[in-house]
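Please read the structure below before turning to the comments.
The values are calculated or read from the model by the stated rules, or taken from the named source; none is laboratory data. Fair warning: this is a prediction, and the values are worked out from it, not measured in the lab. Note that we place each Cβ from the backbone using ideal geometry, even for glycine, and neighbour counts take in every protein chain shown. Keep in mind that these areas ignore ligands, DNA and RNA; they rest on the heavy atoms of the full protein, side chains included. Shrake-Rupley method; radii C 1.70, N 1.55, O 1.52, S 1.80 Å.
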Amino acid sequence: MEPAPAAPGPRLGDSRGAERAAASSSLNPTGAEAQPRRRAPAVAAVLPAGGSGERMGVPTPKQFCPILERPLISYTLQALERVCWIKDIVVAVTGENMDTMKGIIQKYQHQRISLVEAGVTRHRSIFNGLKALAEDQPDSNLSKPEVVIIHDAVRPFVEEDVLLKVVTAAKEHGCSDYDLEFGTECLQLALKYGHINAKLVEGSPDLWKVTYKRDLYAAESIIKERISQYICIVMDTKEDENHVGHHLEEILKNELNHVKVTSGALCPPCRDLEQIILEQCYNYVCVNVMSFDFEETRRLLNMLKESNLSVLYPVVVISVYFLDYKSVPFDQKMENLMQIRDYAKEVKKRNILLCGLLIYYPQDEQKLQASLRQGATIIATLIKERNSGLVGQLLVA
Ligand SMILES: Nc1ccn([C@@H]2O[C@H](COP(=O)(O)OP(=O)(O)OP(=O)(O)O)[C@@H](O)[C@H]2O)c(=O)n1
Ligand SMILES: O=P(O)(O)OC[C@@H](O)[C@@H](O)[C@@H](O)CO
């Protein structure tokens, strides 16, 4: 097992936030002051994660299958942890996977998680989780909640709004014929044996369950898409606005018009860049206008390493250089740049994917524009694909 990082990655919310938020706006999403504020129910979640994933057809139970090298269940835990009004998250895992699960919690710094033994069926696993929440065990940190969300560990894309609807409905609604007709098995059990009111709440299309191998590929595509929506361009000069580096920035902004492209500077105190890292930007283009070395890239890599941003997702860093037609021969410069392989190997251990990009800078204006567009396409592809096989490569546009 790899050692856990020294400090938590940039994340929003913690358990203290949980109490604050539950007491205020989160369970009252409109924030409407005029309405009398109801007391927020104490909420916990139980995640059944004790299955063997037979339909996936691989030896590893699907909840532990990697997506971008991180186990699927970690994405689900992250989605629930983000909801700060869920006080406790109880995960049911089999005895043989208990250590694996503990390792995942430690490595990805999950919080508010308790583990219980899974049962032989999904319902027995859920029951074990509920018992842990219901019992007042002296050595337990869990407190008895009013509402428990049951959520499959293999549904990674759950959003706060649907959880909020479910919790609100659990407090407020009765049961209809429609619910009985179209209810899922959990709901039907609750109705049959629990003698309680129930309500069917419509979920989002993203709530699907990873069941077959193809679902893992679909989940990976969704995650890649989500983390490619924000790109930061770090340039080693702010002066000459007409420099080709700024043209590249403009082309990137135009070509990736649905993507947020922002600029950060490495000049101390680097506050804008720190803020961008805190906002969880996973893509950096380091444009080296002034030099042909790795100084600027190295400073950026150090900031990223210190931030622990790459604990949860691979961070892409592309170091860009311009090959000026006047500056042949390139021998010395190329020798400098070949060091990228060593840098890339080192930062890959921290889940940072470093590549180099040489953009040819010909005299002819049209050819230059073509080089820049090609460069922008390569940058967009590297960010979208996050292909670790290209780490340490020097690509040429
Ligand atoms: N004894 C069991 C069986 C299932 N589950 C969990 O219930 C969820 C949904 O079940 P399903 O998709 O059927 O998972 P598996 O039983 O693992 O899959 P398969 O039916 O393909 O074997 C999964 O998170 C699974 O880990 C559980 O906690 N305990
Ligand atoms: O076995 P299937 O994949 O058809 O469905 C399992 C689901 O019913 C189960 O995961 C709960 O979400 C439903 O209560």
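Going down the table (Lys144/Lys171; Lys107/Lys213; Lys165/Lys384; Lys62/Lys260), which pairs top 22 Å between alpha carbons?
Details: Lys144/Lys171 16 Å; Lys107/Lys213 25 Å; Lys165/Lys384 33 Å; Lys62/Lys260 33 Å.
The answer is Lys107/Lys213; Lys165/Lys384; Lys62/Lys260.
Look at the Cα gyration tensor of region 350-397: its axes a ≥ b ≥ c give a/c of at least 1.5 with a/b over b/c, and that counts as prolate.
A DSSP coil position with no more than 15 other Cβ atoms inside 10 Å describes the following GluC sites (Glu not before Pro) in region 50-123: Glu69.
Under 5 Å between amide hydrogens, built in the peptide plane, is the criterion, and for His243 it picks out nothing among residues at least 5 positions away or on other chains. Projecting the Cα atoms of Leu353, Met334, Ser291 onto the charge dipole of region 279-397 (Cβ charges, centred on the Cα centre) puts Leu353 farthest toward the positive pole.
Give me the net charge for the shell around Met338: Cβ to Cβ below 13 angstrom, other residues only, Lys and Arg +1, Asp and Glu -1.
Numbers: positive: Lys333, Arg341, Lys345; negative: Asp293, Asp331, Glu335, Asp342.
Around Met338, the surrounding residues sum to -1.
Between amide H atoms placed 1.01 Å from N, distances below 5 Å from Ser263 occur with Ile233, all of them 5 or more places distant or on a separate chain.
Calculate the dipole size of region 197-299 relative to its Cα centre from +1 charges on Lys and Arg beta carbons and -1 charges on Asp and Glu beta carbons; express the result in debye to the nearest 20. Could the numbers behind the result be given before it?
Working: 12 positive and 18 negative charges, 155 e Å.
My answer is approximately 740 debye.
With K and R counted +1 and D and E -1, the other residues having a Cβ less than 11 Å from that of Arg70 yield a net charge of -1. Cα centroid separation, region 318-397 to region 183-212: 50 Å.
Classify region 96-169: rounded, prolate or oblate, from the alpha-carbon gyration tensor (a ≥ b ≥ c, eigenvalue square roots; a/c under 1.5 rounded; otherwise prolate if a/b is larger than b/c)? Can you show the working numbers first?
Values: a/c = 1.42, a/b = 1.14, b/c = 1.24.
Rounded, because the longest to shortest axis ratio a/c is under 1.5.
Here's the picture: charge each Lys and Arg Cβ at +1 and each Asp and Glu Cβ at -1 in region 296-397, and of Val391, Tyr321, Ala370 the one pushed furthest to the positive end of that dipole is Val391.
A cut-off under 14 angstrom between Cβ atoms defines the neighbours of Glu255, and their net charge, with Lys, Arg +1 and Asp, Glu -1, is +2. Solvent-accessible area of Leu309, all protein chains in place: 0 Å² (probe radius 1.4 Å, heavy atoms, ligands and nucleic acids excluded).
Close amide-amide hydrogen proximity is noted between Ile150 and Val46, each under 5 Å apart and 5 or more residues distant or on a separate chain (H modeled in the peptide plane; Pro and chain starts excluded).
Suppose a student asked you for the relative contact order of region 296-397, using Cα pairs under 8 Å spaced at least 6 residues apart; what percent would you report?
Numbers: 127 pairs, mean separation 34.5, N = 102.
With pairs under 8 Å counted, the relative contact order is 34 percent.
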